[in-house]
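Computed from the coordinates by the stated procedures, all read-outs in this text should not be read as laboratory data. Model, not experiment: these values are computed from the prediction. Please note: Cβ atoms are built from the backbone with ideal geometry, for glycine as well, and neighbour counts cover all protein chains shown.
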């Protein structure tokens with residue numbers, strides 16, 4: 001007995017079959033059409049019972065109510081999102097001219113110096129600050145003794161390990177803390193600077209600090225300049 005192939009038993013090509021399956025989702029109009037068709041072709045000698053008919057009508061009513069509720073909920077959510085984004089955008093503009101701390105280990109040197117910092121959970125015996133250029137080469141290294149818990153700020157004036165002055169470029173900073181038990185840990189680092197502009201993008205807003213754009217969510221602290 002010859003068994004027909006799967007390919008020959010399917011109407012059209014495989015992609016059309018998948019497309020038809022994807023589109024076979026019943027909506028309220030389809031449900032109503034099925035109900036009307038069922039009534040039209042019912043057996044006169046064995047009609048649909050009242051209880052069964054009422055149950056089908058209840059299912060249709062429930063489907064219509066859920067679909068209507070989903071539509072209204074979608075509109076409400078979109079309205080709330082637009083309102084929240086509008087409020088957020090208005091609040092973000094107030095950051096212009098403020099001093100901020102931004103959690104990052106990347107920074108750009110634009111005017112010969114940059115203000116950086118790191119956070120220590122507890123006091124530390126010392127901290128080793130290292131700065132690397134965009135090629136990964138070490139350009140600055142310094143040991144800081146007697147680190148206090150909390151924020152610790154410092155300014156790098158661009159002086160490299162060779163004594164040369166670096167006026168511009170992209171860099172990365174790392175800070176390693178050493179406690180009294182000779183245990184080391186990596187500290188969270190941040191950039192300090194003034195917000196000079198706001199840029200709105202499709203998924204939110206970005207703030208410009210020292211010529212670079214940063215996510216608002218990376219802001220650790222905001223201060224009035226002065």
TODO: Taking 7 Å along the Cα-to-C-beta vector as the label spot, tell me the residue 153-residue 40 distance in nanometres, rounded to one decimal.
DONE: 7.8 nm
Task: Extension gain (nm, one decimal) between residue 126 and residue 113, 0.36 nm per residue minus Cα-Cα - done: 2.3 nm
Task: Spin-label model distance (nm) - residue 145 vs residue 33, 7 Å beyond Cα toward Cβ - done: 8.5 nm
TODO: Could you calculate the FRET efficiency of residue 221 with residue 167 from 1/(1 + (r/R0)^6), where r is the beta carbon distance between them and R0 is 30 Å, rounded to 0.05?
DONE: 0.60
Task: Separation of the residue 137 and residue 179 label points, Cα + 7 Å toward Cβ, nm - done: 3.7 nm
Task: At R0 = 25 Å, FRET efficiency that the Cβ-Cβ distance of residue 103 and residue 69 yields, to 0.05 - done: 0.05
Task: Kirkwood Rh in Å, taken over the range 109-185 so that all alpha-carbon pairs contribute - done: 13.1 Å
